[in-house]
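First comes the structure, then the notes that go with it.
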Amino acid sequence: MIRAIAGLAVCISGMVCGQQFEVASIKPSSGDPGSSSGFDTAHGRITARNVTLKRSIMGAYGVGPKQIFGGPDWLDSDRFEIIAKAEQPVGDHILMTMLQTLLAERFKLALHREDRPIQAYVLEVSKKGPKLEKGDGQGAKTNNGRGDIDAVNATMDRFAEILSRQMDLPVVNHTGLEGVFNLKLKWTPESAKAPEGPSIYTAIQEQLGLRLRAVKVPVEVLVIDHVEKPSEN
């Protein structure tokens with residue numbers, strides 16, 4: 001199955017996104033690849049420091065690095081500073097939809113979605129059952145870093161998206177759990193010089209009553225059709 005997203009970003013519903021930032025600036029970053037980088041979102045504003053376009057696509061479309069195919073080498077090497085402000089405060093979901101539009105405009109980004117059978121992690125309920133706190137549905141918020149996820153009012157699909165950015169493979173939700181949850185997960189990344197805590201596989205079972213299982217399954221991926229370096233603005 002192929003769903004085109006050529007030239008303009010497309011909202012989850014399939015409609016062309018019409019919302020745009022009131023003010024937006026994209027310029028090359030002066031930081032080197034080893035410098036700190038990341039996205040901050042708050043009160044209708046995105047501040048991205050020292051990020052690649054690939055990382056920006058991951059955030060805008062809620063996918064992991066293994067779900068993006070094609071594109072030039074600089075997609076994952078050149079770094080940018082992105083500052084964008086909406087006319088009024090909006091939630092992160094709307095901000096990411098607006099970021100899709102911004103990337104289409106400034107980078108001439110055109111892509112399409114495909115379902116491809118690839119190696120991925122399936123997120124499932126463990127044999128002992130879930131250990132999850134139900135959310136109240138009053139606004140969603142996510143903070144995640146190296147070895148730490150704190151998500152409020154997140155669906156399992158959303159949690160799988162967040163995990164995809166931390167793992168070496170995409171994560172697909174097969175829990176069958178409905179509703180929203182408050183999820184806190186702490187683990188020791190494999191890249192840590194002196195690992196002392198649990199791995200993410202152990203932590204997710206012990207702390208949330210879920211598990212990750214590697215299998216080959218159909219996964220929605222993004223295929224880059226066209227992209228250009230932006231003029232500084």
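The values are calculated or read from the model by the stated rules, or taken from the named source; none is laboratory data. Given the structure is predicted, the values throughout are model-derived calculations rather than measurements. A quick note on method: Cβ atoms are made from the backbone with ideal geometry, for glycine too, and the neighbour counts reach across all protein chains shown. Only protein heavy atoms, including side chains, enter the accessible area calculation; ligands, DNA and RNA are left aside. Shrake-Rupley method; radii C 1.70, N 1.55, O 1.52, S 1.80 Å.
The figures follow:
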{"read-out": "Subset tally (residues that are modelled with pLDDT under 95, assigned to a strand (DSSP E or B), out of contact with any helix residue (DSSP H, G or I) (no Cβ under 8 Å at 6 or more places or on another chain) and more than 21 Å from S126 (Cβ to Cβ)) for segment 191-233", "value": "2"}
{"read-out": "Pairs with Cβ under 8 Å, 6+ apart, first in segment 85-96 and closer than 17 Å to K141 by Cβ, second of a type in the set (A, V, I, L, M) and in a loop (DSSP other than H, G, I, E, B)", "value": "G91/A140; D92/A140; H93/A140; I94/A86; L95/A86"}
{"read-out": "Contacts under 7 angstrom Cβ, first residue in segment 213-225 being closer than 7 Å to L111 by Cβ, partner among the small types (G, A, S), 6 or more apart", "value": "V223/G70; I224/G70; I224/G71; D225/A6; D225/A110"}
{"read-out": "Test set (1) open to solvent by 60 Å² or more (accessible area, probe 1.4 Å); (2) touching a helix residue (DSSP H, G or I) at 6+ places or on another chain (Cβ under 8 Å) - R106 fails condition number", "value": "(2)"}
{"read-out": "Some residue of segment 133-143 being surrounded by 12 or more Cβ atoms within 10 Å (Cβ to Cβ), modelled with pLDDT of 90 or more and in contact with a Leu (Cβ under 6 Å, 6 or more places away or on another chain)", "value": "no"}
{"read-out": "Search result, residues across segment 144-164 that are outside any strand (DSSP E or B), farther than 14 Å from D92 by Cβ, modelled with pLDDT under 90 and open to solvent by 10 Å² or more (accessible area, probe 1.4 Å)", "value": "R146"}
{"read-out": "Answer residue from segment 201-233, given it is loosely packed, with under 15 Cβ neighbours inside 10 Å and among the small types (G, A, S) and is farthest from L103 (Cα to Cα) among those", "value": "A214"}
{"read-out": "Residue within segment 15-37 that is open to solvent by less than 80 Å² (accessible area, probe 1.4 Å), out of contact with any strand residue (DSSP E or B) (no Cβ under 9 Å at 6 or more places or on another chain), at pLDDT below 90 and under 20 Å from A110 (Cα atoms) present", "value": "yes"}
{"read-out": "P117 open to solvent by 50 Å² or more (accessible area, probe 1.4 Å) and touching a His at 6+ places or on another chain (Cβ under 7 Å)", "value": "no"}
